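A.B. asks: My questions will all concern the structure given below.
The values are calculated or read from the model by the stated rules, or taken from the named source; none is laboratory data. Not measured: the values here are computed from a predicted model. When we count neighbours, we look across all protein chains shown, and the Cβ atoms used for this are built from the backbone with ideal geometry, even at glycine. When the accessible area is computed, the model is the full protein with side chains, heavy atoms only, and any ligands, DNA or RNA have been set aside. Shrake-Rupley method; radii C 1.70, N 1.55, O 1.52, S 1.80 Å.
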Amino acid sequence: MLREIRPAILILVLLTAITGLAYPLAMTAIAGVIFPKQAQGSLIEKDGKVVGSALIGQEFKDDKYFHGRPSATLAPDPADSAKTVSAPYNAANSGGSNLGPTSKALNDRVKEDVEKLKAENSSAAVPADLVTTSASGLDPDISPEGALFQVPRVAKARNMPEDRVRQLVTDNTKGRLAGILGEPHVNVLALNLALDAASK
């Protein structure tokens, strides 16, 4: 019986070593050489200090900054660990809200967000990405329409001409990958950093 089990154990150990150790280490090393910035988390620095990642959104509440998509991520409630509280862009708990189109809570939240945004800019239709969460809850990008919708508020808060702020949005809009994959998008952190630099 041991003669039949030994090959199975050896194959298990060998495949575990190859697929669980050697392959991941090799891919990590290759990625570090070919794509060093991405392999380190696509970190964004300002004045030599890391201020975020191009891959994970951040919450900006101040009117002088562009706001990202709503985030549905949660964290344990510090007062009661049996409950959760909203923790926008919590990478440790990535995920959507799992609320469907028939959810009253979701519909009420979206309606409330739409009303707030209409009060901010009544001359334009509210882009869907400004009131809907992404599946991960960590989306760092918004649509160009979502950024342009916010231009009047940001320009007013910074006392800048709207045309200048609109140009910053255009300058920070990324197109489709290879011209065909994905949709045009604006990284909110990169746009806000460009906005800070232009305001100096």
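A.B. asks: Which entries of 61/111; 61/118; 118/156 have Cα-Cα distances beyond 27 Å here? Each step should come with its number before you reach the end.
C.D. replies: Values: 61/111 19 Å; 61/118 17 Å; 118/156 16 Å.
Check vs 27 Å cut-off fails for no pair.
A.B. asks: Can you pull out the trypsin sites (Lys or Arg not before Pro) in segment 1-95 that DSSP calls coil and that have at most 10 other Cβ atoms within 10 Å? Don't jump to the answer; show the numbers that get you there.
C.D. replies: On the way: sites: 3, 37, 46, 49, 61, 64, 83; in loops: 61, 64, 83.
Here the sparse-neighbourhood loop sites are 61, 83.
A.B. asks: Something else now. Can you work out the FRET efficiency for the pair residue 108 and residue 198, with r the C-beta to C-beta distance and R0 = 35 Å, to the nearest 0.05? Intermediate results must be reported in sequence, preceding the final value.
C.D. replies: Numbers: r = 37 Å, r/R0 = 1.07.
So the FRET efficiency works out to roughly 0.40.
A.B. asks: Let me ask something else about it. So how tilted is helix 144-158 from the main axis of the chain? Cα-based, degrees 0 to 90, rounded to 10.
C.D. replies: Taking the Cα atoms of the chain, the angle to 144-158 is about 50 degrees.
A.B. asks: Report the FRET efficiency, 1/(1 + (r/R0)^6), for residue 174 and residue 17, where r is their Cβ-Cβ distance and R0 is 45 Å, rounded to 0.05. Could the numbers behind the result be given before it?
C.D. replies: Details: r = 41 Å, r/R0 = 0.90.
That gives a FRET efficiency of 0.65.
A.B. asks: Here is a further query. Round to the nearest 10 and give me the degree value, 0 to 90, for the angle of helix 23-34's Cα axis relative to the longest principal axis of the chain.
C.D. replies: Result, in degrees: 40.
A.B. asks: Further question: Expressed as a fraction of 2.2 N^0.38 Å, the rule-of-thumb size for a compact globular protein of N residues, what is the C-alpha radius of gyration of segment 53-170? Don't skip to the answer; put the middle values down first.
C.D. replies: Values: Rg = 15.5 Å, N = 118, 2.2 N^0.38 = 13.5 Å.
For segment 53-170, the normalised Cα radius of gyration comes out at 1.15.
A.B. asks: Here's another thing I want to ask about it. Note the angle between two axes, namely the Cα long axis of helix 162-171 and the longest principal axis of the Cα atoms of the chain, as a number of degrees from 0 to 90, rounded to the nearest 10.
C.D. replies: Helix 162-171 and the main axis of the chain meet at about 20 degrees.
A.B. asks: Mind checking the per residue accessible area of the chain for me, 1.4 Å probe, whole number of Å²? Provide the component values of the computation, followed by the final result.
C.D. replies: Details: 12930 Å² over 200 residues.
Per-residue value: 65 Å².
A.B. asks: Note down the net charge around residue 110, summing +1 for each Lys or Arg and -1 for each Asp or Glu among other residues with Cβ under 15 Å from its Cβ.
C.D. replies: Values: positive: 69, 104, 109, 111, 116, 118; negative: 108, 112, 113, 115, 129.
So the surrounding residues net to +1.
A.B. asks: On the protein heavy atoms, probe 1.4 angstrom, tell me the percent of accessible surface of segment 78-123 carried by carbon and sulfur. Working shown, then result.
C.D. replies: Working: 1790 of 3410 Å².
About 52 percent, which is the carbon plus sulfur part of the accessible surface.
A.B. asks: Could you work out [θ]222 nm for the chain from helices alone, using -39500 (n - 2.57) per DSSP H run of at least four and dividing by all its residues? Round to the nearest 500 deg cm²/dmol. Write out the running numbers ahead of the final one.
C.D. replies: Numbers: 7 runs with 86 residues, N = 200.
After summing the helix terms and dividing by the residues of the chain, the value is -13500 deg cm²/dmol.
A.B. asks: With each pseudo-label sitting 7 Å past Cα toward Cβ, what's the residue 166-residue 9 distance in nm, one decimal?
C.D. replies: 7.4 nm
A.B. asks: Using the basic label-point model (7 angstrom from Cα toward the beta carbon), what is the residue 159 to residue 122 distance in nanometres?
C.D. replies: 2.6 nm
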